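The values are calculated or read from the model by the stated rules, or taken from the named source; none is laboratory data. Here the structure is a predicted model, which means the values were calculated and not measured. Neighbour counts are summed over all protein chains in view; Cβ atoms, including those assigned to glycine, are modelled from backbone coordinates with ideal geometry. Just so you know, the surface numbers come from the protein's heavy atoms only, side chains and all, with ligands and any DNA or RNA stripped out. Shrake-Rupley method; radii C 1.70, N 1.55, O 1.52, S 1.80 Å.
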Amino acid sequence: MVAYDEAGEGGAARLWWLLRHFGHEQVKVLDGGLRGWREQGGELRAGEEETEPGDFRAGPPRDDTVAAEELGGPDPHVLLDARAPERYRGEVEPIDPVAGHIPGAVNLPFAELAPDGRFLAPAELRARFEAAGVESGGDAVAYCGSGVTACVLVLAAEVAGIGAARLYPGSWSEWSQRGQTP
């Protein structure tokens with residue numbers, strides 16, 4: 001299965017993460033999305049397609065998430081905020097009633113890892129993660145506003161070869177409602 005969106009807005013990465021979270025290992029993401037596909041001369045068709053039904057059955061969820069209660073505890077992880085820098089800094093918050101970031105988080109904007117929907121080269125991704133404090137094989141936890149674009153960081157960690165990052169699905173929307181914001 002290949003997941004895609006228009007150009008790396010996070011939807012394809014979220015589908016990739018969800019399918020793997022429930023046991024589907026044979027899923028990829030189209031780097032560059034449909035925009036990149038069209039730019040490379042990829043064929044598109046209108047209308048319905050005849051496809052064979054699959055046999056995937058969701059299994060028990062993987063242990064690839066972190067709950068709010070685990071953040072800031074004894075678990076030594078690097079917390080990565082995938083949102084734009086101005087949201088991280090608390091200068092603007094278009095969705096939630098409170099602006100800011102989770103204490104201890106490092107800003108690693110998803111859009112900088114996949115400009116125009118295309119991931120940077122693995123070595124460059126590794127360098128970005130290392131600059132944020134994530135070492136190969138280290139424990140990274142990604143969050144964003146609602147848990148969608150953070151999946152771009154989880155996917156980028158795999159593309160970079162640094163190991164599996166975990167997701168805080170509740171993200172800023174959940175955290176900011178807990179009354180623990182700085």
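A compact table of results
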| item | result |
| --- | --- |
| Nearest 10 degrees, 0 to 90: helix 11-21 Cα axis against the chain principal axis | 80 degrees |
| The chain, helix-only ellipticity at 222 nm - DSSP H runs n ≥ 4, -39,500 (n - 2.57), divided by all residues, nearest 500 | -7500 deg cm²/dmol |
| The chain - percent of accessible surface contributed by carbon and sulfur, probe 1.4 Å | 52 percent |
| Angle between the chain longest axis and helix 122-131 axis [Cα atoms, degrees, rounded to 10] | 10 degrees |
| Accessible area (Å², 1.4 Å probe, nearest 10) - Trp17 | 10 Å² |
| For the range 1-66 and the range 75-114, distance of Cα centres in Å | 25 Å |
| Residue-by-residue Karplus 3J(HN,Hα) for the range 157-163, coefficients 6.51, -1.76, 1.60, Hz, glycine and proline x | 4, 5, 4, 6, x, 8, x |
| Rg [Å, one decimal], Dmax [Å, integer] - the range 88-182, C-alpha atoms | 13.4, 39 |
| Estimated vicinal HN-Hα couplings, Hz - the range 98-104 in sequence order (Karplus 6.51, -1.76, 1.60; Gly, Pro = x) | 10, 9, x, 9, 6, x, x |
| Accessible surface of Val2 - all protein chains present, 1.4 Å probe, nearest 10 Å² | 80 Å² |
| Residues listed by number, the range 21-39, amide nitrogen under 18 Å from Asp55 label point at 7 Å toward C-beta | 23-27 |
| Within the range 17-115, GluC sites (Glu not before Pro) in DSSP loop having at most 14 other beta-carbon neighbours inside 10 Å | Glu25, Glu43, Glu48, Glu49, Glu50, Glu91 |
